[in-house]
Amino acid sequence: MGLEADVHPGSTADGTRRRARTVLVVLALFIVINAADKAVLGLTADPIRDELGLTATEFGTVAGSFYLLFSVSAVAVGFLGDRIRTRPLLAALALVWAAAQLPILLPAAGFGALVATRVVLGAGEGPGYPLANYTAFTWFPGKERSLPSAVVVAGGAGGTVVAAPLVILVSNTLGWRASFGLLGGIGILWMLAWLRLGGSGPYAARLDATAAVGDAVSGAVPGAADGEVPFRRIVTTGTWLGATFSAFTVMWTLAIGFAWLPLFLEEQAGFSDAEISGILGLPALSMAVLVLTSGIVAQRLLRRGTTARVAQGLLGALLPLLAGACLLLTTRAGPGVTLLLPLVVAFSAGNGQTPLTNSAIADICPPGRRSAALGLSYALAALSSLLAPYVTGRIIDAAPSEALGYGRAFDLAAWLLIAGGVISMLLVRPDRDAQLLGTQRRSDF
């Protein structure tokens, strides 16, 4: 059982391709807002801590509260995504984002309000990324999914690039609360645009007799019906497990970047607000380049007949390994410009693996299981985002000095990235797992 597409196979090929590109751009903007909502807390950390008198542990609690319902929501909506159209689901999520940001405009909103609204915001944003990827996949056949996923993932980098200077400017001129209100308003505007332009594509699973036509469009192999593949078999494959664990380690580092990197750059590296605004854009730009490059390379390799293990598993695993090595160097490079190169790579390279592992999971799933499989994987990976800001705060508070605390916290993240790269290199084998599940598609491999 699955979602009936908003565009049917009878649509013209050119019209469908144009619509696919439009929807992909709107979905990328969705992730831009998603990333900006995450980044705003770290970008306004200093004035928030000064006004509310928060310790490092308390600020870590605020940052971590964003992820309290993040995973639960991602799982729940992931399963709904296989049964309900994505147009109303994504619109509802954007409305929740806006509703969570706007109360911070009130002067009385303090520590408790920050925690409560970040919990609500996380509940709304948890399903956003996997659902956006799932929606993008409904517009493209298997061998063409890596690049669309890369475009969606790159939206997260775009959110940081846009958010850093904008949020700092608004915070410095109108106060830190105004930054939250601005993002709430932008969320409402996106919701209106999505209701007009968005929807699912011709590669979505269907609820009715058009399923046979959908299989003909997507090239599904007979016998790989959704109901014939138990969900537990999908989530116990090496591909799903390896991709999920590696994503856990990448999201750990990203969570530290959102919550603690601005403070590290100010307090330990000695950069000014203006310099930090520019520096924070560098990992985001690097991430966008690496994400898009990995998506393009993987897609070309698959079209040339390279196995998915090489194009998605081995190629993807190299990126968190590189990020982990550079993160080990970040706190050893000394203050100033010498740390910029390892810092940029450390907080950007790991996410270059994400579109490849997302595509790998999608490739082993029948359409009616895809949203749930992506949602559960993202939910478990996102548990690291709940833990990382708080654990980092505790490490910093417990260390003899903040410099040593940052060093220990960054080293932990680095070794997690390296472990994730090794595990995904060994386990992510979409060709083999698709064959074992009986879901291999003529258009995919």
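Before we move on, is Ala154 modelled with pLDDT of 85 or more, in contact with a helix residue (DSSP H, G or I) (Cβ under 8 Å, 6 or more places away or on another chain) and over 12 Å from Asp37 (Cβ atoms)? It is false that Ala154 is modelled with pLDDT of 85 or more, in contact with a helix residue (DSSP H, G or I) (Cβ under 8 Å, 6 or more places away or on another chain) and over 12 Å from Asp37 (Cβ atoms).
Only one entry in Leu314, Leu329, Leu321 is more than 15 Å from Arg429 (Cβ to Cβ), touching a residue at least 60 places away in the same chain (Cβ under 8 Å) and either assigned to a helix (DSSP H, G or I) or touching a Pro at 6+ places or on another chain (Cβ under 7 Å) (or both), namely Leu321. Is it the case that Leu95 is out of contact with any Lys or Arg (no Cβ under 6 Å at 6 or more places or on another chain), at pLDDT below 85 and open to solvent by 20 Å² or more (accessible area, probe 1.4 Å)? For Leu95, the condition - out of contact with any Lys or Arg (no Cβ under 6 Å at 6 or more places or on another chain), at pLDDT below 85 and open to solvent by 20 Å² or more (accessible area, probe 1.4 Å) - is not met. Here Ala362 meets the list (1) at pLDDT 90 or above; (2) over 12 Å from Ser246 (Cβ atoms); (3) of a type outside the set (Asp, Glu) almost entirely, failing just condition (1). Taking each residue of the stretch 167-190 that is over 14 Å from Val96 (Cβ atoms) and looking for partners that are buried (at least 16 other Cβ atoms within 10 Å of the Cβ) and basic (Lys, Arg) with beta-carbon atoms closer than 9 Å, six or more apart or interchain, yields Ser171/Arg177.
Looking at Ala243, Ala288, Ala284, Ala269, just one residue is under 18 Å from the mean Cα position of the chain (by Cα), among the small types (Gly, Ala, Ser) and at pLDDT below 80, and that residue is Ala284. Pairs linking a residue in the stretch 271-298 that is under 17 Å from Asn172 (Cα atoms) and free of Cβ contacts under 8 Å to residues at least 40 places away in the same chain to a residue that is part of a helix (DSSP H, G or I) and not acidic (Asp, Glu), with Cβ atoms under 7 Å and 6 or more positions apart or on different chains, are Phe271/Leu265; Phe271/Ile279. Taken across the stretch 339-347, residues that are surrounded by fewer than 24 Cβ atoms within 10 Å (Cβ to Cβ), assigned to a helix (DSSP H, G or I) and on the phi > 0 side of the Ramachandran plot do not occur at all.
Among residues of the stretch 107-133 being assigned to a loop (DSSP other than H, G, I, E, B) and touching a residue at least 40 places away in the same chain (Cβ under 8 Å), the one that is nearest to Gly53 (Cα to Cα) is Gly110. One residue stands out among those in the stretch 134-159 that are open to solvent by 30 Å² or more (accessible area, probe 1.4 Å), part of a helix (DSSP H, G or I) and not charged (D, E, K, R): the one that is nearest to Asp363 (Cα to Cα), which is Leu147.
Of note, Glu144 does not satisfy the criterion of being at pLDDT 85 or above and of a type in the set (Asp, Glu).
Identify the residue in the stretch 388-411 that is surrounded by fewer than 17 Cβ atoms within 10 Å (Cβ to Cβ) and in a helix (DSSP H, G or I) and, among all such residues, is modelled with the highest pLDDT. Break it down stepwise before answering.
So in the stretch 388-411, the residues surrounded by fewer than 17 Cβ atoms within 10 Å (Cβ to Cβ) come out as 394, 397-404, 408.
Adding the requirement that they be in a helix (DSSP H, G or I) leaves 394, 397-398, 402-404, 408.
Numbers: Arg394: 89, Asp397: 88, Ala398: 90, Glu402: 86, Ala403: 85, Leu404: 90, Arg408: 93.
Ranking the candidates gives Arg408 first.
Residues in the stretch 362-387 that are surrounded by 18 or more Cβ atoms within 10 Å (Cβ to Cβ) and more than 16 Å from the chain's Cα centre (by Cα): Asp363, Ile364, Cys365, Pro366, Pro367, Gly368, Arg369, Arg370.
Pairs meeting the criteria (first residue in the stretch 65-78 and touching a residue at least 40 places away in the same chain (Cβ under 8 Å) and open to solvent by 10 Å² or more (accessible area, probe 1.4 Å), second residue assigned to a loop (DSSP other than H, G, I, E, B) and not acidic (Asp, Glu), beta carbons under 7 Å, at least 6 apart or on different chains) are Leu69/Gly126; Ser71/Gly126; Ser73/Gly126; Ser73/Pro127; Val77/Pro127. Of the conditions (1) farther than 17 Å from Phe30 by Cβ; (2) open to solvent by 10 Å² or more (accessible area, probe 1.4 Å); (3) not basic (Lys, Arg), Ala123 fails just one. Which one is it? Here Ala123 clears every test but (1). Among the residues of the stretch 316-330, at least one is out of contact with any Phe, Trp or Tyr (no Cβ under 9 Å at 6 or more places or on another chain) and closer than 22 Å to Leu404 by Cβ.
Note on the stretch 227-251: residues that are within 30 Å of Ile279 (Cα to Cα) and open to solvent by 20 Å² or more (accessible area, probe 1.4 Å) amount to 4.
In the stretch 292-311, the qualifying residues are those that are over 11 Å from Asp431 (Cα atoms) and among the charged types (D, E, K, R), and the one that is farthest from the chain's Cα centre (by Cα) is Arg304.
Looking only at residues in the stretch 23-57 that are free of Cβ contacts under 8 Å to residues at least 60 places away in the same chain and charged (D, E, K, R), which one is surrounded by the fewest Cβ atoms within 10 Å (Cβ to Cβ)? Taking the candidates together, the pick is Asp50.
The values are calculated or read from the model by the stated rules, or taken from the named source; none is laboratory data. None of these values were measured; they are calculated from a predicted model. Using ideal geometry, Cβ is built from the backbone for each residue, glycine included, and neighbour counts are taken over all protein chains shown. Heavy atoms of the whole protein, side chains included, go into the accessibility calculation; ligands, DNA and RNA do not. Shrake-Rupley method; radii C 1.70, N 1.55, O 1.52, S 1.80 Å.
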